[in-house]
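Bear in mind that the values in this text are calculations on the coordinates, not laboratory data. Computed from a predicted structure; not experimentally measured. Virtual Cβ from ideal backbone geometry, glycine too; neighbours counted across all protein chains shown.
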Amino acid sequence: MTGRDQPTAPIGPLPLSIAEYAERARSRTDPGVWDFIEGGAGGERTLAANREAFERVRLRPRVLTGTAEPDLSTTILGRRWAAPLGVAPLAYHTLMHPDGEVATARAAGAAGLPVVVSTFAGRSFEDIAQATDSPLWLQVYCFRDRGTTLRLIQRAERAGFEALVLTVDTPRLGRRLRDLRNEFRLPPHITPANLPAEGADYSSPSAHSRTEMDPGLDWSVIAWLRSASRLPVLVKGILTAEDAERAIAAGVDGIVVSNHGGRQLDGAPAALDALAGIATAVRGRCALLVDGGVRTGADVLASLASGADAVLLGRPVLHGLAVGGGDGVRHVLDLAVGELAEAMSLTGTPSAARADSALLTAPAPAAAPPASSPAVPTTLSAPAVLRRADLHASVSDPVLDTMNFLNEITGRFPDAVSFAPGRPYEEFFETEEVFGHIRRYLDHLAAGHASPEAIRTALYQYGPTAGLIRDVIADSLRVEEGMDVPAASIVVTVGAQEAMLLVLRALFAGPQDVLLVASPCYVGITGAARLLDIPVRPVEERAGGIEPADVETAVRAELAAGRRPRAFYIVPDHSNPTGSTMSREARQELLDVARRYGLLLLEDSPYRMVSAGRQLPTLKALDQDRLVVHLGSYSKSVFPGARVGFVVADQIVRNESGGESLLADELAKIKSMVTVNTPALSQAAVAGALLAVGGRLADRNAPAAKHYGEALRVTLDQLEKHFPGGGPESPERPAHGVRWNAPSGGFFLSVRVPFTADNTALLRSAGEHGVVWTPMSYFYPEAGGDREIRLSFSYLGHDRIEEGIGRLAAFIREQSPADAG
Ligand SMILES: Cc1cc2nc3c(=O)[nH]c(=O)nc-3n(C[C@H](O)[C@H](O)[C@H](O)COP(=O)(O)O)c2cc1C
């Protein structure tokens, strides 16, 4: 023990503020230890800035607000905290009291508040966990030896810790002059209780950090953490909006805005000053916490008003420990919480969630960014140059580039045979036919007693947002799909892509909502989720397609991590990209899983009406409980130039006062701000095509379905000719190492090749062999599919397929290692 007095000696009259705790703690602590705790890096400018930023804040008192009992409680990562306040990770609480982190956790637990436990905790995770029921998170420093880090994480997980907080601002420890001057060494009995005792000298924190910590971490460490643990991951030490965007793009569950209490980069901004810009960038997409300089309840409120969901308290916790052990910590926390309640009441803030920037007076001049700040330009010089880093992160996401890249390659090599586009075969389109379709729809309106003026309006004016032709679509779904849904539950959209965007926007309310997708997966849905900052979790498809049990496992994992699996996206028939089809039993089981967990199913099935043979019922037709939102497209079954799709959303939406609407009504509201309405001419053309066949598209498309079936057969025959024994029915792995599946319909199949099929390989294939395909890795939301390609055969005539598979075979053989078998 390095405190001067008995740490739990009577503490006299209770300090009235956290500042008084600091004063008392100082008199009880060894000066070297005190400097270690209190000091910052360099000239301690950032350390001072943390406090100065709070000193500048002025809160706006509001009167007669009726706020008697403000609600301080806060939910973070699915767990309720009694107040938006937790304990920051601090090394070696045992420096201040032998009970160390155990005393801290007991005090925080009694106050209903969480603790972030440092990698360098002085007490074991198991003992700490025994002391509290409140959430414990592990602060992770990543060691050069990942095995050490992994074992630390696994130990914390076993002890019941609920999240990982990766500290990202310490590739090396800051130059702390006080420690250098004091030649600070930890007393011999102060050691990290959860790290290996042998082989490491922990006595000098800076020397230890230099030799043991990984100084070269990059963003890939997030994926590594995800692979190491199922716990949610936060990053601590973010100070710029750019890094916050990167963190979100890397899939973190939370961000701690922090300059490490001024202990790292001297000259970095105050945490509070950095917070507002980061909160604007984050826009609620993940949990946002802040630490650094928080010393009063008003500081907590100012942090919430600047966009934080919660704050972490650092040094004051150690002061409480030094003064009164666990009791001291409890009192420090009570002071902060009590002052917060008081500040909320005096500003008329009814709940922590309602704290916003209206609580703050305009920032004092010192807080304003300098005029030359590049991050917030006030004017743009001509020509305007925008930094990509300032744009929404989705524009830098490779998913949004996949289509462009394929189009570019197809354009660059016009003579290549392209197995890339999922387009319908053009020989079935008749230019004149489209006029007949429109005429037929107008006659249909007239037959329904629409006046010539009403028909003119329907065609020429803005139309109803939910669509003109909902009744025609509803009739078609009833006669053809056995899907008995009211026209009011349908919204006609600009392709199924718009339907995806509307549905995702409506259903996903906050960062806790997660979209599950079959993986590999159509990029339209993952791209739309990316635009809307919706986290996506893959459910791996097996050889026979999606297993409902795997969906259930994924749902449970998300629930356990405090997230809400909101919906599962699937193409059950002849899927894009693999061509797989779910069995009838699997459909039923998937509906059972959805019912058990309140999971919505987003069913997308554009290929069934252009596939030969009897189709299985859609999930929507089997759905008795309105669990399925059905996304429809006429791009394959009528023609893609119309860009007409639709969504069936018959789910009931109930508001607080008990009033009800359909999900379709809510989608129409969103659509009114996206495309206003789907073009009437396009709707008329599609409706005319439906009316021509009494709504039975399968009849209309029988010749096309036959053509696609034959194209599939030719593709499979050609593959077999060039790579005998590679089909799904051959049990042996053939020597050439090429395998493929044999879908029952649709536009696609998947081929496994014995080399990495990436963009470089694709360029070589297009340039040197004149054949284009799609790397399957495009369709994996996370890693996967590196040695697979997607072949689309729908757009090509049989002779082009033969030619193309011949070229593909030559390319594959050239690429394959000699020992491919
Ligand atoms: C003595 C001490 C030890 C710390 N140890 C750690 C640590 O192990 N891991 C970490 O991420 N941050 C550590 N920090 C930084 C804190 O988590 C936090 O960012 C900072 O203390 C907040 O500022 P405040 O002390 O002004 O409240 C430490 C800070 C201090 C003062």
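Farthest towards the positive end of the charge dipole of the chain, among the residues ALA107, SER633, SER765, is the Cα of ALA107, using unit charges on the Cβ of Lys, Arg, Asp and Glu. Principal-axis analysis of the Cα atoms of the chain puts helix 702-722 at an angle of about 70° to the longest axis.
Across the stretch 511-594, Cα pairs under 8 Å and at least six residues apart give a relative contact order of 37 percent. Cα-based values for the stretch 429-698, radius of gyration first and Dmax second, are 18.6, 60 Å. Whole-Hz Karplus values for the stretch 675-688 come out as 10, 6, 8, 6, x, 4, 4, 5, 4, 4, 5, 5, 4, x Hz, taken residue by residue from phi with 6.51 cos²θ - 1.76 cosθ + 1.60 and θ = phi - 60°; glycine and proline positions read x.
A straight Cα-to-Cα reach below 23 Å connects LYS721 with the lysines LYS706, residues fewer than 8 places away in its own chain not being considered.
When each of THR431, THR119 is scored by the number of other beta-carbon atoms lying within 10 Å, the sequence from fewest to most is THR431, THR119. State the antiparallel share, in %, of DSSP beta bridges confined to the stretch 429-698, rounding to the nearest 5. So the antiparallel bridges amount to about 40 percent of the total.
Can you tell me the orientation of helix 495-507 relative to the chain, as the angle in degrees between its alpha-carbon axis and the longest Cα principal axis, to the nearest 10? Taking the Cα atoms of the chain, the angle to 495-507 is about 30 degrees. Taking Cα centre as origin and charging only the Cβ of basic (Lys, Arg, +1) and acidic (Asp, Glu, -1) residues, the dipole magnitude of the chain rounds to 800 debye. Listed by chain and number, the lysines placed with their C-alpha closer than 22 angstrom to that of LYS669 amount to none; residues fewer than eight positions away on the same chain are left out. Fewest-first ordering of VAL648, VAL653, VAL221, VAL116 by other beta carbons within 10 Å of each residue's beta carbon gives VAL653, VAL221, VAL116, VAL648.
When only the Cβ of Lys, Arg, Asp and Glu is charged (+1, +1, -1, -1), the dipole of the stretch 18-359 relative to its Cα centre reaches about 300 debye. Taking other C-beta atoms within 10 angstrom as a stand-in for reagent exposure, VAL294, VAL693, VAL87 fall in the order VAL693, VAL294, VAL87, fewest first. All Cα-Cα distances of the chain, cut into 20 Å bins from zero to the largest, leave 14, 39, 31, 15, 2 percent in each bin in turn. Taking all Cα pairs closer than 8 Å and separated by 6 or more residues, the relative contact order of the chain comes to 13 percent. DSSP assigns beta bridges within the chain; of those with both partners inside it, close to 35 percent run antiparallel.
The amide H of ILE255, built 1.01 Å from its N in the peptide plane, has VAL235, ALA287, LEU288, LEU289 as neighbours under 5 Å, considering only residues 5 or more places off or on other chains.
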